[in-house]
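I have placed the structure first, in the form of C-alpha cells, so that the comments after it can refer back to it.
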Amino acid sequence: MSVRHLYLHLPFCPSICPYCSFHVERVDRKKMDRFAARLEADLRDTGPMDALETVYFGGGTPTAFSTTQLEAILDVVDRFVPRPRDCETTMEANPSTLPAEKCRMLRARGINRISLGAQSFDDEVLKTLGRHHSSAAIRVAWEYLRAAGFNNLNLDLIFGVPGQTLETWESTLRAALELKPDHLSCYNLTYEEDTPYMDRLRQGICHEDDDCNETMFTRAEDLLSDAGWHHYEISNYARSGFECRHNVAYWTGRDYLGVGPSAVSTVRGKRWKMADGRRVEMESLSAELRAREQALLELRTSRGTAADFFRFEQWKPLVEHGFAVFENDRLVLTREGRLRADEIAVHLC
Ligand code: SF4
C-alpha cells in the first residue's frame, strides 16, 4: 500500500483529564499486556506497507505502557512497519511516565521525536487541569530525554485554563523557552461534550473568556515570533527545520493510515476506522470534498491555500475585512483571521 504516513493509537492514560474527549482508558496492566497482540492483528490486516516517511504513536499516553510493554509493542511494529532511518517517528509522552531507562530504550529503538504533554509550568494550573505531574517533573523528564539523545522535542502547552492569568501564561511560555525545545504546540482549552469540564461550564462553575483567550494567543505569537520561532500553523511553532512532518502531511492532504481503537485512515478517497480487525465507518470522499478539506487545513498554516478552492463571494469578504491577504497567489490568514480561524472555516464550508 503506497501510504507514507502511519498513526498508531495507544489509548491508555494513568488518569483521565477532566477536559479530555479522546478515546482513552485508564491504565490497566492486563489490558495493556493484551494490546500488543491486538496491534499485531490490526497491522497484519492492514497488509504490507511501503517505506514510511512518518510514524506517530499517539494516545492516550503511549508512555503509560511500561518499558517492557513498549518494547513488545515496538517488536510488533518493527515486524510490520518499514521505518527507514530518516523516518520521523514521534511518540507522545507524559512527564510522569518517563523514567530515564524508558527514554534510553525509546531512543535506541528508533523513536526520534517526543511530544511531551507539559501543558503548563504553573503547578496551580496543572492542578486545575487535573494533571498529576508538577513543573519540576517536566524538567526532570526533559533532562532524561536530552541525555538519552533526543534532538527533536516538542512541548504541548494549554492556555485559556480557568484561573490562569496572562502573567502565568507568559511565565509558562518563558519557562518552556528556557528548556530550548525544538517545537511548541500551544492549544486553546476547549470545552468538549461529555467531559467534566463541560459540566462545570454548564453549571457556571467556570466560564470561557474569549477576550482573554485572544490576548493569550497573541501574546504567545508575539513572544515566540520575537524569539525567532516559525508560527507555521495556528497552534504550532517550530525552530527552523523542526516542523512536524507528520502533521504537515495531514494538512497538505496526504494519505495516511491509522491503526488502533479509534484511529482514522484516509487512503485513495476512502476514510475508515479499524475496530476488532475490520474496517468500520467506511466513507467515500469525493475529489471535491477532499480538496475542500485540504484547503481548510492549509488555510490554518502559514503557507495558506489556493483561493480557487473557494467561491469568489466566499473569500472576498475575508480579504475586505482584513482576515486574509494574498501572498504568492495564495490566500493566507492575517492575525485577525487566525484569531477567528474556526468561524472562517464555517463560513467557507
Ligand atoms: S493525558 Fe491526554 S489523552 Fe490522556 S486523558 Fe489527559 S488529555 Fe486525554
Checklist entry - Out of the stretch 274-326, which residues are part of a loop (DSSP other than H, G, I, E, B), more than 24 Å from residue 46 (Cα to Cα) and among the polar types (S, T, N, Q)? => result 302
Next on the checklist: Take the conditions among the aliphatic types (A, V, I, L, M), modelled with pLDDT of 95 or more and surrounded by fewer than 19 Cβ atoms within 10 Å (Cβ to Cβ) and apply them to residue 280. Does it pass?
Outcome noted: no
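What helices (runs of 4 or more DSSP H) lie completely within the stretch 93-177 and have 2 or more residues being within 22 Å of residue 206 (Cβ to Cβ)?
Details: elements: 100-108, 123-128, 135-147.
It comes to 123-128.
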Item to check | Residue ID - farthest from the chain's Cα centre (by Cα), chosen from residues in the stretch 270-306 that are small (Gly, Ala, Ser) and farther than 19 Å from residue 250 by Cα | outcome: 277
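Which of the residues belonging to the stretch 55-69 are more than 16 Å from the ligand (Cβ to nearest atom), crowded, with 17+ Cβ neighbours inside 10 Å and farther than 13 Å from residue 6 by Cβ? Full working, then the answer.
If we filter the stretch 55-69 for residues that are more than 16 Å from the ligand (Cβ to nearest atom), which is where we start, we get 55, 66-69.
Next, only the ones that are crowded, with 17+ Cβ neighbours inside 10 Å stay: 55, 69.
Of everything in the stretch 55-69, just one residue is more than 16 Å from the ligand (Cβ to nearest atom), crowded, with 17+ Cβ neighbours inside 10 Å and farther than 13 Å from residue 6 by Cβ, namely 69.
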Next on the checklist: What's the number of the only condition in (1) surrounded by 17 or more Cβ atoms within 10 Å (Cβ to Cβ); (2) of a type outside the set (S, T, N, Q); (3) within 16 Å of the ligand (Cβ to nearest atom) that residue 72 fails to meet?
Outcome noted: (3)
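Among the residues of the stretch 124-155, write down those that are free of Cβ contacts under 8 Å to residues at least 60 places away in the same chain and under 20 Å from residue 196 (Cβ atoms).
Initial filter on the stretch 124-155 (free of Cβ contacts under 8 Å to residues at least 60 places away in the same chain): 124-128, 133-151, 153, 155.
Of everything in the stretch 124-155, those that are free of Cβ contacts under 8 Å to residues at least 60 places away in the same chain and under 20 Å from residue 196 (Cβ atoms) turn out to be 124, 125, 126, 127, 128, 133.
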Next on the checklist: Tally up the residues in the stretch 1-54 that are surrounded by fewer than 16 Cβ atoms within 10 Å (Cβ to Cβ), of a type in the set (Asp, Glu) and away from the ligand (no atom under 15 Å from the Cβ), please.
Outcome noted: 3
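The values are calculated or read from the model by the stated rules, or taken from the named source; none is laboratory data. Bear in mind the structure is a predicted one, so any value in this text is a computation, not a measurement. All Cβ positions, even for glycine, are placed from backbone atoms using ideal geometry, and neighbour counts span all protein chains on display.
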